[in-house]
Each structure stands twice: as structure tokens, then as C-alpha cells.
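Q: Input: one structure, supplied below.
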Amino acid sequence: MSELNKALDRGIMILKQIAMENAVGLRELSRITGASLTATEKIVKTLEEHKFIDKDTSGKIILGSELFFLGKIVESRTDFIQIILREIKELVKDIDETVYLIKRSDKHIVFIEGEISSHPIQYTPEIGKPYDLPYGATGQAFMAFMEEDEIRKILNHYQIDSENYFKKLEEVREKKYSMSYQERFEGLAGITFPILTKDGNAPLALSIAIPTYRYSEEKNNILIERTKKTVNKLQTLIGYNLEAIN
């Protein structure tokens, strides 16, 4: 392990110990991390500069204001996710198709959670695994609300023709949803709705996964209209304020 990784590892140990004991002395932290007093003091100083830790009136080390702030972000994110999952459950009850909550992660998408329909045949992606961003309804739903320069960089990265792709994105921006048929996975159609921040970005999306044997234009219209209600409700409940998800 490199010296930098050792210092990072010890810094994490220090934060965990303070969180468990509320206030800890420097010598105790040195003993726990196995580092010298001098090395421990350097780590503590760095954490203090970033406001991850502070000192109480007795000189003992306590958690700092920045960790409280980060904790509130995580708490807000968790609240948002729980609200969204609750609404997804209600949506799936009505449409009886599987719905996934997906986030964008750089040049990839990641499936966070899903609510499964009652049908025996399902599409089940690996939760937490990164998938290439630009393909299918999900990729278009995210990329339609990105800056043009960023879109071009991603298309160049995946060697995708930009002219045709930008035409698709124009339609998605207008409709506020995207559709695909066996573009990402064989035997699967998808309808994806971006969930927007107040700044017009799309950190999250709801995606309906439909095996192609159940796919029809008539059914799509029903799915779209019902899902629009859920998305509109989510935008109202979370107030377009999803920056903590980014």
C-alpha cells in the first residue's frame, strides 16, 4: 500500500472512531491507526482544514461541520429516493410492467432500484452495474438534457453518428420521454422518462422495460399517459430540487 493510501486509510479509521466515541484524543487515535503521533497529527490537521473534524473545549477531536453538511445531503438523497420508489410501486400496480429507477454516472447509466411486474418473463439488469450511456431509450432520455459539447464528446467516445442522434434528442426534449425497440437489449422495448432538476438537468430517470412480445402501440399510449402522471407528481413532490443526486 502506498503512503498516500495508508494516510487515506488512517483518515477513514479516525473518522469512524470519532463517530463511535464522539470525542477522541490524539494519542488514542495514534494507537488505533498504528501511526506515530506525528503522522496522526498530520492526518488530523488535514481533516481539520477540510472541516471534517474539529476540537472541543477540552482539546479532544470531534466530527466537524462539513461531515454534518454531507450527512444532510445523503439524508436528502435518501428521502428523494424513498419518495420516488413509493410512487414507482403505485405505477407498477396500475401498468403491470417492470419499472426501474436509473441514474447517470459519467458515460454510463446505473440501475438503482426496480419494481417488478406480475408477468413471468422479466428483464432484470444487474443493480449497480454501469452500462454504456448512449443506447436505447434510457440513454436518449439522459442525453437529451445534457449540454451539446458533452453530448458530442460522449458520441465521439462511442463512435456514434451525431447527426441522426441529435434529431432523436430533439424529439425527446419535446415529448419529455424516449422510446426504443431492441436498441440496447434484444427482445426488449423501453420507454424512459427523465426526472429533471430545476436547472433542466436529468440526474435520474424512470424506465419501463417491456418484453417485445407484450409491445404494442395501443399499450404504449396507455403506459405513457399513466407514467406521465407519476413523473409530474414526482416533479411536484421533490420540487425539481435533485441536485443532491448529482
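Where a number appears in this text, it was derived from the coordinates with a stated rule and is not lab data. Nothing here was measured: the structure is a model prediction, and the numbers come from that model. Glycine also receives a Cβ, built like all others from the backbone with ideal geometry; neighbour counts cover every protein chain displayed.
Q: 222 nm [θ] for the chain, helices only, -39500 (n - 2.57) per DSSP H run of 4+, per residue, to 500?
A: Helix-only estimate at 222 nm: -17000 deg cm²/dmol.
Q: Please state the relative contact order of the chain as a whole percent: Cα pairs under 8 Å, 6+ residues apart?
A: 16
Q: Another question, then. Output the relative contact order of region 106-246, whole-number percent, from Cα pairs under 8 angstrom with separation of 6+ residues.
A: After rounding, I find 21 percent.
Q: List the lysines whose Cα lies under 21 Å from the Cα of residue 103, skipping any in the same chain that are fewer than 8 positions away.
A: 72, 89, 129, 153, 168, 175, 176, 198, 228, 229, 233
Q: Once you have a ≥ b ≥ c as the square roots of the Cα gyration tensor eigenvalues for region 159-241, tell me rounded if a/c is under 1.5, and otherwise prolate or oblate according to whether a/b is larger than b/c.
A: oblate
Q: Fully extended, how many nm does the chain gain between residue 147 and residue 39 (0.36 nm per residue separation, minus their Cα-Cα distance)?
A: 34.4 nm
Q: So for the chain, considering every pair of alpha-carbon atoms, how many percent are separated by more than 24 Å?
A: Taking all Cα-Cα pairs of the chain, the fraction more than 24 Å apart is 56 percent.
Q: Determine the dipole magnitude for region 1-141: charges of +1 sit on the beta-carbon of Lys and Arg, -1 on that of Asp and Glu, nothing else is charged, the reference point is the Cα centre, and the result goes in debye to the nearest 20.
A: Dipole about the Cα centre, nearest 20: 620 debye.
Q: If the convex hull of the alpha-carbon atoms of region 90-205 is projected onto planes in all directions, what is the mean projected area in square nanometres?
A: Taking a quarter of the hull surface, the average projection is 7.5 nm².
Q: Further, regarding this structure: Using the alpha-carbon atoms, what tilt in degrees (0 to 90, nearest 10) does helix 3-21 show relative to the longest principal axis of the chain?
A: 80
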